[in-house]
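Single-structure report; data block below.
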Amino acid sequence: MKLYAGFAPNAFRVLAFMHEKNLDLPIEQIDVLKGEARKEDHLKRNSLGEIPVLELDDGSYLSESIAICRYLESLHPEVPLMGENALNSARIEMWNRRMEQQIMGPYSEVGLHAMPIFADKIEQIPEYAESQRRLTSERWAWFNEEMSDGRAFVAGDTFTVADITGMTALMISGFLDLDVPSDLRHANRWVNAVKARPSWLRYAKPV
Ligand SMILES: N[C@@H](CCC(=O)N[C@@H](CS)C(=O)NCC(=O)O)C(=O)O
């Protein structure tokens, strides 16, 4: 197996997931900023022209960060990051979706609609970028309220893939200069905890 990845938020999701599981795979670097993900070579791997992509031993490809994480979790159940029983897995899935849609979503939209690199990918609407920018604060306020019960991580007492998805939003927030509001005590407690993870220290900046 080989992972096509690079310094980009969704690639971070898989790289951090592997790091948390102490899992090593050969990695081929794709430079998103240089447009390498949209080149013909890579379009053969993923018709959407995106990373991450996992190349399997039979030569086929798997895209979508969460699908790749799911596959790696099945092959390497230790350390479990996606749950260990029906209810626990469902709760982690619930929180992963929430972090993806409620927290990471607005950040991704700001990036897509405001960063020059995406100008030829979608029709950028600056007003929409601004409204999504404002929405990030509202969503963090919601998250802060959720975390006010004192739990250590997004889905409970242990670190899971839902935290990694949240960390991905933090990575985008760094590109956009759009931090978590400093007065949100519980949200910032979580931010400090995840920013101390080895996976963050290793992959949240270019390597
Ligand atoms: N839904 C996909 C999203 C993948 C994606 O958006 N990848 C971005 C990097 S974060 C990309 O490769 N963009 C390349 C480009 O737009 O040129 C996933 O979860 O893997």
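Do we find that Val110 is over 21 Å from Leu48 (Cβ atoms) and in contact with a helix residue (DSSP H, G or I) (Cβ under 7 Å, 6 or more places away or on another chain) in this structure?
Details: over 21 Å from Leu48 (Cβ atoms): no; in contact with a helix residue (DSSP H, G or I) (Cβ under 7 Å, 6 or more places away or on another chain): yes.
For Val110, the condition - over 21 Å from Leu48 (Cβ atoms) and in contact with a helix residue (DSSP H, G or I) (Cβ under 7 Å, 6 or more places away or on another chain) - is not met.
Within the range 148-173, how many residues turn out to be within 13 Å of the chain's Cα centre (by Cα), assigned to a helix (DSSP H, G or I) and not aliphatic (A, V, I, L, M)?
Final tally of qualifying residues: 5.
Any residue in the range 114-127 that's at negative phi: show its pairings with residues that are more than 9 Å from the ligand (Cβ to nearest atom) at Cβ separation under 6 Å, as long as the two are six or more apart or on different chains.
Ala114/Ala129; Gln124/His113; Ile125/His113
Being under 22 Å from Ile122 (Cα atoms) and in contact (Cβ under 8 Å) with a residue 24 or more places away in the chain is the filter here; which residues of the range 6-34 pass it?
Answer for the range 6-34, where residues must be under 22 Å from Ile122 (Cα atoms) and in contact (Cβ under 8 Å) with a residue 24 or more places away in the chain: Gly6, Phe7, Ala8, Pro9, Asn10, Ala11, Ile30, Asp31, Val32, Leu33.
Considering Gly166, Gly111, Gly156, Gly174, which residue is on the phi > 0 side of the Ramachandran plot and touching a residue at least 12 places away in the same chain (Cβ under 8 Å)?
Gly156
Confirm whether Glu138 is of a type in the set (Asp, Glu) and within 21 Å of the chain's Cα centre (by Cα).
yes
Read-outs: derived from the displayed coordinates by stated rules, not from any lab. No experiment lies behind these values; they were computed from the predicted model shown. Note that each Cβ is placed from the backbone with ideal geometry, even for glycine, and that neighbours are counted across all protein chains shown.
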